[in-house]
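Report on the following structure.
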Amino acid sequence: MPVFQSVQGMKVVCHELAQSTDDPERSARDELVRDADTVVSRLAYKVAKTLEFSLTGASSRSCKYVLNTLIQTFQNNY
């Protein structure tokens with residue numbers, strides 16, 4: 001997946017995580033909690049891959065976004 005698409009996807013995930021904390025019915029949050037282990041596992045894998053990729057001289061932009069997305073996941077107490 002190209003870096004731009006990957007970054008855009010992580011921006012969407014961050015936005016959804018932030019929006020779910022404002023959901024008065026908690027339905028969005030409940031849905032995200034159910035999938036939290038999968039999301040964190042995939043983001044952790046992505047961190048390793050993007051760091052490895054950036055060591056080859058590639059842009060570190062995707063590293064920034066994958067780490068921000070992972071941090072956002074934990075900040076929202078999922």
Check your understanding: Using the Karplus equation 6.51 cos²θ - 1.76 cosθ + 1.60 (θ = phi - 60°), what ³J(HN,Hα) coupling, rounded to whole Hz, does each residue of the stretch 35-46 give in order, writing x for Gly and Pro?
Key -> 9, 4, 4, 5, 4, 5, 4, 5, 5, 4, 4, 5
Exercise for review: Would you list the P(r) distribution for the chain, with all Cα-Cα distances sorted into 10 Å bins from 0 and each bin expressed as a whole %?
Suggested key: 19, 49, 24, 7, 1
Practice item. Show that you can apply the helix-only estimate: for the chain, add -39,500 (n - 2.57) for every DSSP H stretch of four or more residues, divide by all residues, and state [θ] at 222 nm to the nearest 500. Key: -25000 deg cm²/dmol
Study note, to complete from the structure: In the neighbourhood of R42 defined by beta carbon distances under 14 Å, the net charge of the other residues (Lys, Arg +1; Asp, Glu -1) is 0
Exercise for review: Give, rounded to the nearest 20 debye, the magnitude of the charge dipole that the chain has about its Cα centre when Lys and Arg contribute +1 at Cβ and Asp and Glu contribute -1 at Cβ.
Suggested key: 420
Point to revise | Order of K46, K11 - criterion: other Cβ atoms within 10 Å of each residue's Cβ, fewest first | key: K11, K46
Point to revise | Top positive-direction residue, dipole computed over the chain with Cβ charges, set A58, Q5, F74 | key: A58
Revision key, fill the gap. Cβ density ranking, 10 Å radius, fewest first, applied to F4, F53 yields F4, F53
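Every number in this text was worked out from the coordinates using simple rules, so none of it is lab data. As the structure is a prediction and not an experimental result, all values here were calculated from the model. As a convention, Cβ positions derive from the backbone with ideal geometry for all residues, glycine included, and neighbour counts pool all protein chains shown.
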